[in-house]
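Q: First, the structure itself, so that you have it in front of you.
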C-alpha cells in the first residue's frame with residue numbers, strides 16, 4: 001500500500017510530499033492541487049506496466065506537466081509497503097527540449113532496501129533495456145504498484161447498456177461497461193453481487209434491487225478492407241447482445257438506468273469498481289460526495305470501509321469539498337492543500353494544525369476544517385495571519 005507520494009516541479013506541485021492512509025480524503029480550495037495529486041499517483045502506477053513515453057503520451061509531454069519557469073527537473077515518486085516489503089518508485093525528467101522523446105528521464109526505485117534501476121531513456125544510457133520488454137523479467141516493485149484507476153464517472157455512460165468479451169471485465173474510468181460488469185458479477189461472483197446491492201440499499205434506501213435484462217446494442221467497429229492496401233479500414237455498424245440495468249425502487253419496479261438519479265448511478269459505479277473481480281488495488285476519485293445527500297455520506301464512508309475489510313489490499317484516495325463527508329474520517333486521514341503566494345501548493349494533515357490537540361475533543365474533523373481552513377499549512381500565510 002502506498003504510504004506517501006512526493007512531487008517536484010509537477011504542475012503546481014513544486015515541492016510537496018503527501019502522506020496517504022488506506023483511506024485518504026484530500027480537501028482544499030479550487031485549483032489547489034487536489035486533482036493534480038490524483039493524476040500524479042495515476043501516472044506513477046501506470047509506470048508499473050508501461051514505459052514513461054507510453055504513459056506520458058497524447059499531449060502529456062513533460063513540457064506541459066513541468067512547473068512553468070522551474071529550472072530543475074520534474075520528479076514524481078511514491079513509497080509504500082506491500083506484503084511486508086518496503087518499496088519506492090520514482091521518475092525524474094530533465095528538461096532540455098520541448099518533446100518527451102528529447103527529455104532525459106530515469107525510472108528508479110528500491111525494493112527491500114536494495115536500489116533498483118528500472119528504466120533509463122536511451123540517450124542517457126543507450127545499452128540499458130527497458131525491463132518492460134519481457135513480462136517474465138519484470139520487477140516485483142512494478143507488479144506491486146500497477147493496479148490503479150482514476151475515476152471520472154459519467155452518469156450517462158454508467159447508464160448505457162453494454163456487453164463484455166473480457167474474461168475478467170472491469171468498469172472503465174468514465175463508467176462505461178458497468179452493465180456488462182454487473183452481469184458478469186451476477187454469474188461469476190453472485191455473493192459479491194448480492195453484497196453490492198445490500199451496500200447500495202444502505203446508502204440509497206429507496207433502491208430495492210438492481211436487475212439486468214438482455215438488450216441489443218448497436219455499435220461501430222473498424223474493419224480491414226481486403227481489397228485495399230494494408231492499413232485501410234472502414235467503419236462497420238454491428239449489433240451485439242448485451243445487458244441493460246434496471247432498478248426496482250420502493251416507488252416502482254423496472255426503472256431503466258437512464259432514469260435513475262445521478263447519486264444512485266455514481267454509487268453503483270463506485271461500488272462495482274471496488275468489488276468486481278477486475279477491481280484495482282488503488283481507487284482515485286474526485287468529488288467523492290458527488291450526487292449524494294449529506295446524510296448519506298456517512299453511510300457511504302462506512303460501506304467503503306467494509307469493502308476495504310473484505311479486500312485488504314484496496315486503497316482509496318478521494319477529494320471532497322464537503323465538511324459533512326470529512327466528519328466521517330480520522331484527522332490523520334484528512335490531507336489539506338492550499339496555494340502559497342507564489343502559486344505553488346502546500347499540503348499537510350489536519351492533525352498537524354498547531355491547535356489540534358486543544359480542539360480535537362470539541363469538534364468533528366469537518367467542523368474543525370471549516371473553522372481553521374487551510375492557510376495555516378503555508379508558514380508565510382500563517383505568519384501574515386497571526387500578525388494581522
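The values are calculated or read from the model by the stated rules, or taken from the named source; none is laboratory data. This one's a predicted model, so the numbers in the text were calculated from it and none came from an experiment. So basically every Cβ, Gly included, is an ideal-geometry build from the backbone, and we count neighbours across all protein chains shown.
Q: Which members of segment 12-32 meet the condition of being within 14 Å of residue 341 (Cα to Cα) and under 18 Å from the mean Cα position of the chain (by Cα)?
A: Passing the criteria: 13, 31, 32.
Q: Does residue 339 satisfy being surrounded by fewer than 23 Cβ atoms within 10 Å (Cβ to Cβ) and modelled with pLDDT under 95?
A: Working: surrounded by fewer than 23 Cβ atoms within 10 Å (Cβ to Cβ): yes; modelled with pLDDT under 95: yes.
Considered against the rule, which asks whether it is surrounded by fewer than 23 Cβ atoms within 10 Å (Cβ to Cβ) and modelled with pLDDT under 95, residue 339 comes out as yes.
Q: All but one of (1) more than 19 Å from residue 14 (Cα to Cα); (2) out of contact with any helix residue (DSSP H, G or I) (no Cβ under 9 Å at 6 or more places or on another chain) hold for residue 48; state the number of the condition that does not hold.
A: Only one criterion is unmet by residue 48, namely (2).
Q: Among the strands (runs of 3 or more DSSP E) confined wholly to segment 59-161, which include 3 or more residues that are at pLDDT 90 or above? Spell out how you get there, then give the answer.
A: On the way: elements: 74-82, 85-94, 104-111, 114-120, 148-151.
Here the list reads 74-82, 85-94, 148-151.
Q: Output the residues belonging to segment 241-286 that are touching a strand residue (DSSP E or B) at 6+ places or on another chain (Cβ under 7 Å), under 27 Å from residue 40 (Cα atoms) and surrounded by fewer than 18 Cβ atoms within 10 Å (Cβ to Cβ).
A: 286
Q: Those residues that are under 20 Å from residue 255 (Cα atoms) and touching a residue at least 40 places away in the same chain (Cβ under 8 Å), I need them from segment 161-189; list them, please.
A: If the condition is that a residue be under 20 Å from residue 255 (Cα atoms) and touching a residue at least 40 places away in the same chain (Cβ under 8 Å), then 161, 162, 163, 175, 178, 179, 180, 181, 182, 183 are the ones that fit.
Q: Turning to a different aspect of this structure: Going by the conditions given, is residue 297 in contact with a strand residue (DSSP E or B) (Cβ under 9 Å, 6 or more places away or on another chain) and either at pLDDT 95 or above or outside the structural domain of residue 200 (by TED's automatic domain parsing) (or both)?
A: No.
Q: Being in contact with a strand residue (DSSP E or B) (Cβ under 7 Å, 6 or more places away or on another chain), in a loop (DSSP other than H, G, I, E, B) and over 25 Å from residue 154 (Cα atoms), is that true of even one residue in segment 343-356?
A: The answer is yes; a qualifying residue exists.
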